[in-house]
Every structure is written in C-alpha cells, then in structure tokens.
C-alpha cells in the first residue's frame, strides 16, 4: 500500500524527513509526497526541486492542498506555535498525522488534539526519533532484563552550545521545550515508568545567545520510586556531551554508564572484603531490534505500519502527552519555584 502524504512546513527540518524516507526502501515504496505546504511557496518549491519531487501540489493553505491531493497522511513539520492548527486541519480532513515534537505548545491544546484524533478515528503520533537509537534501546533492554537489579534512578547530563539562529533563539523555555523533551521521553521509555512530580530550576546564563531558558536543572519523581535527574545547557561552550546526553542508570545491584555515543560500561557489586565491596563487570546486550535503531526512519515505519495493520505506534499522542506533561510540569515548576505534581 502506498499512502499519499502532504508535508506541511518546508524549512530545514523537512529535509530530515525526506532524507529518512529516501534512506529506507520500505518507506520509499509506502509513501508518496503529493503536496508541500509552506507560508512561503518559494521555499516549498525549492524543497521539491532539491529532492526531485514530481507532480506535487504546492501551496500556502493546508486545507486547500489536502482537498486537491486527497491525501491520506499529513506530515507536520511546522514551528510549535502553529502545530495545533495544522494537526486539527489534517485530522478534520480525514488524514492520519505525524507531528514534530512537541505535540502541542500547551497541555490544554494537546488534550484537545487527543479528542480530535479519537473522534476522527485517525492516528496522531509524534516524532520522538531519539528514542529510536541503538543506545536507548540497549538501555531499555538492560532494565527489562534486570541487568543491574531493580532500577532506582536515571541521571542525565546534556551540555552543548549550538548556534542555530532562527526561531529557537527567540523561544521561551528553549532548552526544556525544544531539546530536553528528547531526553525526558527517552528516560521515561528506558525506565518504563510514569512521571508523577517535578522540581525545576531554569536559567538563561551569562553569555547565552538565546532569549530565554537556555539551561535547566530538573528532578523528576517517577512511578515505582524511580528518580530521574537532568542537568542541561544549550549555551555551554567547551567540553561537550553527546546530543543524546550522558547517562548513569542506578539499580539495586549495580550501575550502567553510557556516554550517549558508543561507550557503555556496566558493573554490579563485587565480593571484596571491606568498606567498598568492589565491582564485577556485566554485559549490556547489543541484541536489539535493528528496525528500532534507525532514528527518524524508525518513527516513520512504526507510524505507517500502524496505519496498515491497525496497531498503535509507540509514539502515539495518547502516550506521548506524558512526555509533554514532563516538560510543561518542569516549566511550571521553574516559573513558581515549587514542586509540581504531574497529572495525566
């Protein structure tokens, strides 16, 4: 089955979507881009030319392009503030919708989108591509297999200094809303627990080229007494971490360290005599589902197969709203200076 898709939002992010489709034979055969929508039609035309997209309808009005193309799917790659209108329009037109994160700029709008998707009987899912990488899948499996016993804590550090230009440098709560959500979502997946409460301190440090909120220190209480902490900055020049953060998982029997790239180490308690009992190295299995390690392509495959088979994609909005709630709870805590209970 080949689905006709309209891609809405033709800026730099859209190129990543099209490259992902081009990278995988199953995606190439399952998706036909039949329409491009952007407020600037010249940008849409340039994208069509760059990727040699044939017979595409180009326009600035999503509803009009959906009518002309009779599309099955909307790919939503617009800025967060425009997301609600795009998703709502797509669902009302009878399309399944795959959105960039965050799924909405507020929990109220996110809940409304859940209702619209339910009423339309269509799938609405979110691109959380950073949970679809080998390292995250290995951590998840290690927790499920009890390699370090019962999980008690996850600690993540994220320190980078990208100079994007554009809308990110004007955003409020830029780190929490645009980037930290990746780590929050991945941590929730690795732990397989739900967020219960959060305390956050957010700052825009000296030297920041962002308008607001380029750094954050966050403590989450997850279900089953698991703690998740996040320390991050998007204006930290110098010794950087991976884009995936550096991770330390603490369990009842030992710990796993992951540098966010290729470096893994895992140790459980040893049997030495004395104050510190030493350690014994254990293996973090590399045996994971390869189809779930391809980032953006994996999200697209999961979404398309859910449409074809009537299954639920892993990043369906009814689940992903929990990751959005983590972000919004952190933002509220930073604003009030108080611990915030997360209720979803």
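Taking every C-alpha pair closer than 8 Å and separated by at least 6 residues, the mean separation divided by the residue count of the chain gives a relative contact order of 19 percent. Principal axis extents of the Cα atoms in the stretch 84-136, from largest to smallest and rounded to whole angstrom, are 37, 22, 16.
Taking the C-alpha atoms only, the angle from helix 317-336 to the longest principal axis of the chain is near 70 degrees.
Mean separation of Cα pairs under 8 Å and 6+ residues apart, divided by the residue count of the stretch 187-344: what relative contact order is that in percent?
Taking the mean separation of contacting Cα pairs over the length of the stretch 187-344, I get 23 percent.
Computing Rg and the Kirkwood Rh from the Cα coordinates of the stretch 3-122 gives a ratio, Rg/Rh, of 0.95. For the chain, the spread of Cα positions along the three principal axes, ordered from largest to smallest, is 75, 43, 39 Å. Counting only alpha carbon atoms, the long axis of helix 41-50 and the longest principal axis of the chain meet at about 70°.
State the extension gain, in nm to one decimal, for the chain segment bounded by residue 272 and residue 336, taking 0.36 nm per residue of separation less the distance between their alpha-carbons.
Contour length minus Cα-Cα distance gives 18.3 nm.
Expressed as a rounded percentage, what relative contact order does the stretch 3-122 have, with Cα pairs under 8 Å and six or more residues apart? List each step's numbers first, then the result.
Details: 200 pairs, mean separation 30.8, N = 120.
Relative contact order here is 26 percent.
Based on alpha-carbon centroids, what's the gap between the stretch 71-125 and the stretch 24-64 in Å, whole number please? The distance from the Cα centre of the stretch 71-125 to that of the stretch 24-64 comes to 19 Å.
Would you calculate a helix-derived [θ] at 222 nm for the chain, using -39,500 (n - 2.57) for each DSSP H run of n ≥ 4 and dividing by the full residue count, to the nearest 500?
Computed mean residue ellipticity for the chain: -10500 deg cm²/dmol.
Which of rounded, prolate or oblate describes the stretch 84-215 when judged by the alpha-carbon gyration tensor and an a/c cut-off of 1.5? Judged from the Cα gyration tensor, the stretch 84-215 comes out oblate (a/c at least 1.5, b/c at or above a/b). Compactness of the stretch 144-237 is given as radius of gyration and Dmax, 14.6, 45 Å, from Cα positions.
Every read-out reported here was derived from the displayed coordinates using simple, explicitly stated rules and does not represent laboratory data. All of these numbers come straight from a predicted model, not from anything done at the bench.
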